[in-house]
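Report on one structure; see the data block that follows.
The values are calculated or read from the model by the stated rules, or taken from the named source; none is laboratory data. Every value quoted in this text rests on a predicted model; they were computed, and no experiment measured them. With ideal geometry, Cβ positions are generated from the backbone for all residues, glycine too; neighbour counts draw on all protein chains shown.
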Amino acid sequence: MSNFWKRTITGLTMVFILIASMAFGFWMFATLFLLIAIFGLWEFYSILATETVNPQRTYGTVAGALIYLSVIFGFHPDFPRPATDPFIVPLLTALPLLFLPFVIEIYRKKPQPLVNIALTLTGILYIAFPLALLNLLNGKEAVRCLQLPVILAGFFILTWFYDTGAYLYGSAFGKHKFFERISPKKTWEGTIAGALVAFATAIGLHFLAPEISLPDWLVIAFLIVLFGTFGDLAESLFKRSLTIKDSGSILPGHGGILDRFDTMFISIPFVFLYLIVRNLI
């Protein structure tokens, strides 16, 4: 089977699972992305581990999962929390977990302890925290269409359409390299085509969910295109520095968890910030 068909079948399967998780409710989606965060963290630490670099793989994965859960329970409007300080729960949970790697490293007797600590914390910040924020778009008060949370579903749809448009058009017609030093296959033609597809999709989403204004959909699309591109380039930079093609092999045709979700890790916080400022969540 060609890589194109492997990629297509895997992509469609993931889309079905993701849509089903959103339709079945908050906890199904939260559980799915908890698993994605765990596999993503383990994958991240595994590709970084060498004879001289040893991130705290087990601790980082467990701590990332706990911080993921703390964000849900601490910031989600559907869960009770102290009225005087709504951020106390996630802060009390996250802060000790973020400082324990310094203590653990004292006893590990591994070379380059500062690098080990830095990479352990990077994995949590880069993977667990952004994925946790997605759950805050899936509350009971979220605008819904066909039982799906509109903004959350829209985020994924815009990301998929941008990625797919850029990949297909760039593969067929791309000539001018976008960032050859980091990602030789990425082209200006593909990036621009993907952006146009994303903006057209944003217009379509407004007609499906007019509760969210067209300017808001267009800004969300812009943030996904801009920071999703940076996310893709950042992951390509990681892999190039490690001289590997894919971060893993768990997803046929796509590679690993990091390969599939790289465009989201950096775009999620910026989209989330915009939604907070606009009081859309």
Any chance A198 is more than 24 Å from L146 (Cα to Cα) and buried (at least 20 other Cβ atoms within 10 Å of the Cβ):
no
Looking only at region 39-52, how many residues end up being among the β-branched types (V, I, T), closer than 16 Å to I244 by Cα and not in a helix (DSSP H, G or I)?
1
Can you tell me how many residues within region 248-281 are acidic (D, E) and closer than 15 Å to I224 by Cβ?
1
Out of everything in region 227-281 that is among the polar types (S, T, N, Q) and assigned to a helix (DSSP H, G or I), what residue ends up being nearest to I9 (Cα to Cα)?
T263
Being surrounded by 16 or more Cβ atoms within 10 Å (Cβ to Cβ), more than 20 Å from P149 (Cβ to Cβ), touching a residue at least 60 places away in the same chain (Cβ under 8 Å) and of a type outside the set (K, R), is that true of even one residue in region 205-227?
yes
Are there any pairs with C-beta distances below 6 angstrom linking a residue in region 145-156 that is under 13 Å from F26 (Cα atoms) to a residue that is part of a loop (DSSP other than H, G, I, E, B), with the two at least 6 apart or on different chains, and if so which?
P149/N138; P149/A142; L152/N138
Which of the residues belonging to region 158-188 are more than 22 Å from S241 (Cβ to Cβ) and in a loop (DSSP other than H, G, I, E, B)?
G174, K175, H176
Determine, yes or no, whether A20 is exposed (fewer than 13 other Cβ atoms within 10 Å of the Cβ) and of a type in the set (A, V, I, L, M, F, W, C).
yes
With respect to T50, is the statement that it is within 30 Å of P111 (Cβ to Cβ), among the hydroxyl-bearing types (S, T, Y) and at pLDDT 95 or above true?
no
Counting only residues that are polar (S, T, N, Q) and under 16 Å from I117 (Cα atoms), which one in region 25-55 is surrounded by the most Cβ atoms within 10 Å (Cβ to Cβ)?
N54
